[in-house]
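**Q** Quick one: this structure, given as structure tokens, is what I'll be asking you about.
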Amino acid sequence: MPTYRRRLVSALAAVALLTGCETLGYYAQAVGGQFSLLSRARPVEQWLGDPATPALLRARLETASAMRNYASRELGLPDNASYRRYAELERAFAVWNVVAAPEFSTRALQSCFPVAGCVSYRGFFAPADAERHAAGLRSAGNDVHVAGVPAYSTLGWFDDPLLSTFIRYPEAELAGLVFHELAHQLVYVRDDTTFNESFAVAVEEAGVRRWLAATRREAALAGFTEGQRRKREFIALITDTRDRLEALYRQSAAPEAMRERKRAEFAAFEQRYAQLKIRWGGFASYDRFMESPNNALLASMAAYTERVPAFERLLEREGGDLLRFYARVKELAALGKDERERRLAALK
């Protein structure tokens, strides 16, 4: 039996001793989905040596392999078997994440797991399962956001493969995804999604800039820089809206009055986004986040952005030296959450 299969079976057996039937059903789909994904993966060298591999896929795998080597050689990210195999999944996303927040809060509900700790989402390998879980959360009165996710990290428990769900991304996005997921293997703090995701985003963005510069992709670097400018403006809009709603939710008001003011805030949010698009010349990549904005969307975005400026400042203070930066981040990770938050806030 392959090592990864033994680990999955052992994990499910351990969970069965700790959980009820409903939770066990969730873990069963997670273990089954993970096994299916890993069983489809073959070493990149086999794909490259297979005459049946399409030319475009071959080129993308060669580029991804160069990025993977660069990640360990130049960015100090883990040098292991992750992202050295490739799997065709025959679906649009690797998993579908469900994020929920109460009707009058922008703080995500937490889901807790034996290994990962508490996180602000719950992932499903089948969209129907995700929608079923989302429906239950909505019926309980929560705001819910369901999103397809092209990749995720098993935190080094398994050798995460390259996937068909992202292998054809533009080079900057492909590099960023690989660097981001490897960063999770380097530093991960239980019960602190915002710390983990913000750190990985900071590594991702610094890594992409360095990769594009080192490989002399000037046009791609210019496009990435422009994309980062738009991203910062969108994040500022998200943050301002979230702050305004949090201030609203702290007020004492009747539920219907609160709902009316909430609707007004989200209407203003959509109007301000429309103005951003005009200034961007019609750039529409963020439209997918605006289909039905709610508290859960704001909560999910905050996890990936809230502490990024603090990590960027820390990297700057370390003179751009990634190894020294990682050492400082590990020191923060070892602190209690309140002290960690205080130091990150001071950096920002």
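No value in this document is a laboratory result; all are computed from the given coordinates. All of these numbers come straight from a predicted model, not from anything done at the bench. Ideal geometry is used to build each Cβ from the backbone, glycine not excepted, and the neighbour counts take in all protein chains shown.
**Q** Among the trypsin sites (Lys or Arg not before Pro) in region 101-168, which ones are in a DSSP loop with at most 13 other Cβ atoms within 10 Å of the Cβ? Mind listing them? Write out the running numbers ahead of the final one.
**A** Values: sites: 107, 122, 132, 138, 168; in loops: 107, 168.
Answer in residue order: 168.
**Q** Moving on. Compute the relative contact order of the chain as a whole-number percentage, counting only Cα pairs closer than 8 Å that sit 6 or more residues apart in sequence.
**A** Working: 431 pairs, mean separation 62.4, N = 348.
With pairs under 8 Å counted, the relative contact order is 18 percent.
**Q** Order of 112, 118 from fewest to most other C-beta atoms within 10 Å?
**A** Values: 112 10, 118 13.
Going from sparsest to densest Cβ surroundings: 112, 118.
**Q** Further, regarding this structure: Which of the listed residues, 309, 251, 169, is farthest toward the dipole's positive end in the chain, when Lys, Arg count +1 and Asp, Glu count -1 at the beta-carbon?
**A** It is 309, whose Cα lies furthest towards the positive end.
**Q** Among the aspartates and glutamates, select those whose C-alpha is under 14 Å from the C-alpha of residue 348, and discard any that sit fewer than 8 residues away in the same chain.
**A** 306, 312, 316
**Q** Of all the stretches in the chain, which is the longest one without any exposed loop site, taking GluC sites (Glu not before Pro) in a DSSP loop (any state but H, G, I, E, B) with at most 11 other Cβ atoms within 10 Å?
**A** Numbers: sites that count: 90, 291.
Value returned for the longest uninterrupted segment is 91-290.
**Q** What residue among 36, 117, 220 has its Cα farthest toward the positive end of the dipole of the chain, where the charges are +1 on Lys, Arg and -1 on Asp, Glu, each on the Cβ?
**A** Of the options given, the answer is 220.
**Q** For the chain, what is the mean residue ellipticity at 222 nm derived from helices alone (per DSSP H run of n ≥ 4: -39500 (n - 2.57); sum divided by total residues; nearest 500 deg cm²/dmol)?
**A** Values: 13 runs with 212 residues, N = 348.
Only helices count here, giving -20500 deg cm²/dmol.
**Q** Sticking with this structure for a sec: With +1 on each Lys and Arg Cβ and -1 on each Asp and Glu Cβ, how big is the dipole of region 258-311 about its Cα centre, in debye rounded to the nearest 20? Write down the numbers at each step before the final one.
**A** Values: 9 positive and 6 negative charges, 23 e Å.
Its charge dipole is roughly 100 debye.
**Q** Would you indicate which of [x] 36; [y] 25; [z] 15 is the value of percent of Cα pairs over 35 Å apart derived from the coordinates of this structure?
**A** [y]
**Q** Among the chymotrypsin sites (Phe, Trp or Tyr not before Pro) in region 255-348, which ones are in a DSSP loop with at most 16 other Cβ atoms within 10 Å of the Cβ? Mind listing them? Walk me through the intermediate numbers first.
**A** Details: sites: 266, 269, 273, 280, 283, 286, 289, 304, 311, 325, 326; in loops: 280, 283, 286.
Of the chymotrypsin sites (Phe, Trp or Tyr not before Pro), the ones in loops of region 255-348 whose Cβ has at most 16 other Cβ atoms within 10 Å are 280, 283.
**Q** Which lysines, if any, have their Cα less than 25 Å from the Cα of residue 262, not counting same-chain residues under 8 positions apart?
**A** Excluding near neighbours in sequence, the set is 231, 277.
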